[in-house]
Amino acid sequence: EAEVAPSSLSYKARYACQRASPLVCANQSLAEEIDILRRARELEGEAMSALAYERTVAVIKAYPHVISPSKLESDLAKISGVGKKVQVKIEEYLTTGQILEAREILASQRFRSLSEFNTIYGIGPVTARQLYDKGMSTLEHLDSYYDIRAHNPVLEEQTNPNIIESQVKRLSTKGIPEVTIQVGLALRHDLSQKIPREEVRDMHDFVMKELESLQHGCVSTIVGGYRRGKEESNDVDIVISHKDWRGGGEKIKGLCTRLVKHLYDKGPVTHVMHLSSFRPHNALRTGHWDSLEKALTIFRLPQAEGTSRIHRRLDLIFASPETYWTAVTGWTGSKMFERDLRLWAKYEKGYKFDSTGITRRHDSKLFYPKSEQEVFEILGLEWVDPTLRNT
Ligand code: DGT
Ligand code: MG
């Protein structure tokens, strides 16, 4: 892969979207140790504390030099936004090789259970805590609570038509949480396996070939962690639009549902966890509100000779041509990069940015970038290569 050209991005910049954050950073093991503290806060619902640790990790990820105990003070002084409390933790790590609190967290039953529950599709921190507080601590406990018999093929066969029918009929339904968790539990052995890059591309190519048979001329970008260069992904995220700048929006309308139904009837989509149209922030002014659709599905590539395919998570996002590049930017991540992109736009530039568009606040002017570079230009940001957005 091509070497990313060094840029004028500074690690001292305040917003994550102004910094270069590689997949593996100079202080990777320190970042990972602190991330344990962040994970614990997140699982416990301590949002402010989790965010503080997340910002610390983000700042470390962009710092290009190895932080050494001997010049800790001068190193830390160069990094913005690391508070005193966290500094003490960093110092502890540099002098002892670990953070005691992180070790204690990893050893605790509560953290282990909440972490494990949270790996299940459909179980977020809140549900994980509720289940643990009901006395459950293993996935087997959840199986009996949700009435799952390991790898229950019936669940797969029987829930599908109901899910897809209700979802297709009522486009704005939020999905059925109980059923999502049941499917997540039943398929956990498949869904917990990471997806190599080659299979991500195979899934993308398969989907786009099927889509071409429904609508000629669609364009797509694989986004998410894959685009940031991750070797293995937890799911596949694809943003789709149409090449025609004029009239493309009409061709995209309703296409998400048609594609999902088509893939479901044909077999590769085995479950539809969520299917919705969503209203972009400029909906009232453009009437484009139904030109953005999203489907969260479970997908299995058709079996090739002698191979066994497993279930994967596949997210499809349809955007009108005008919002394609903001959607690509908004879905590439990382989450921290996206959060700071929105904050930067709002507080430093007076724009509203999200994956459905860019609006200038003072006169409500809408922008329709024709490339991702243009998204950055409009927002007054230096270009950050996707592989440097691993904040
Ligand atoms: P992974 O775990 O290997 O799939 O890693 P990522 O970074 O691909 O994580 P993922 O798939 O959860 O999300 C990809 C990016 O898309 C993430 O950085 C933020 C964005 N994203 C996720 N869900 C939503 C959503 O509902 N709306 C919008 N606008 N963006 C989302
Ligand atoms: Mg992803």
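The values are calculated or read from the model by the stated rules, or taken from the named source; none is laboratory data. Just so we're clear, the structure is a prediction, and the values are computed from it rather than from any experiment. Neighbour counts run over all protein chains shown; Cβ positions are idealised from the backbone, glycine included.
Within the range 209-240, if we keep just the residues that are near ligand 2 (Cβ under 9 Å from one of its atoms) and among the β-branched types (Val, Ile, Thr), the residue that is surrounded by the fewest Cβ atoms within 10 Å (Cβ to Cβ) turns out to be VAL223. Is the range 245-256 home to any residue that is away from ligand 1 (no atom under 16 Å from the Cβ), of a type in the set (Lys, Arg), at pLDDT 90 or above and not in a loop (DSSP other than H, G, I, E, B)? Yes, there is a match, as at least one residue in the range 245-256 is away from ligand 1 (no atom under 16 Å from the Cβ), of a type in the set (Lys, Arg), at pLDDT 90 or above and not in a loop (DSSP other than H, G, I, E, B).
Scanning the range 329-359 for residues being away from ligand 2 (no atom under 16 Å from the Cβ) and over 26 Å from SER10 (Cβ atoms) gives a total of 3. Has the range 81-89 got at least one residue that is touching a helix residue (DSSP H, G or I) at 6+ places or on another chain (Cβ under 8 Å), surrounded by 15 or more Cβ atoms within 10 Å (Cβ to Cβ) and closer than 20 Å to ARG339 by Cβ? Yes.
Here SER364 clears all of (1) surrounded by fewer than 20 Cβ atoms within 10 Å (Cβ to Cβ); (2) polar (S, T, N, Q); (3) at pLDDT 95 or above except the condition numbered (3).
Scan the range 317-357 for residues that are more than 16 Å from the chain's Cα centre (by Cα) and either in a helix (DSSP H, G or I) or outside the structural domain of ILE378 (by TED's automatic domain parsing) (or both) and the total you get is 12.
Taking the numbered list (1) closer than 23 Å to ASP190 by Cα; (2) within 23 Å of the chain's Cα centre (by Cα); (3) more than 16 Å from ligand 1 (Cβ to nearest atom) in turn, ARG312 passes all entries but (3). One residue alone among ALA319, ALA304, ALA345 is more than 20 Å from SER192 (Cα to Cα) and within 11 Å of ligand 1 (Cβ to nearest atom), and that residue is ALA319.
For the range 175-208, the candidate set comprises residues that are away from ligand 1 (no atom under 14 Å from the Cβ) and closer than 21 Å to PRO321 by Cβ; within that set, the residue that is surrounded by the most Cβ atoms within 10 Å (Cβ to Cβ) is VAL207. Could you list, in sequence order, the residues of the range 63-112 that are within 18 Å of ALA26 (Cβ to Cβ) and either in contact with a Lys or Arg (Cβ under 8 Å, 6 or more places away or on another chain) or not in a helix (DSSP H, G or I) (or both)? The answer is TYR63, PRO64, HIS65, VAL66, ILE67, SER68, LYS78, ILE79, SER80, GLY81, VAL82, GLY97.
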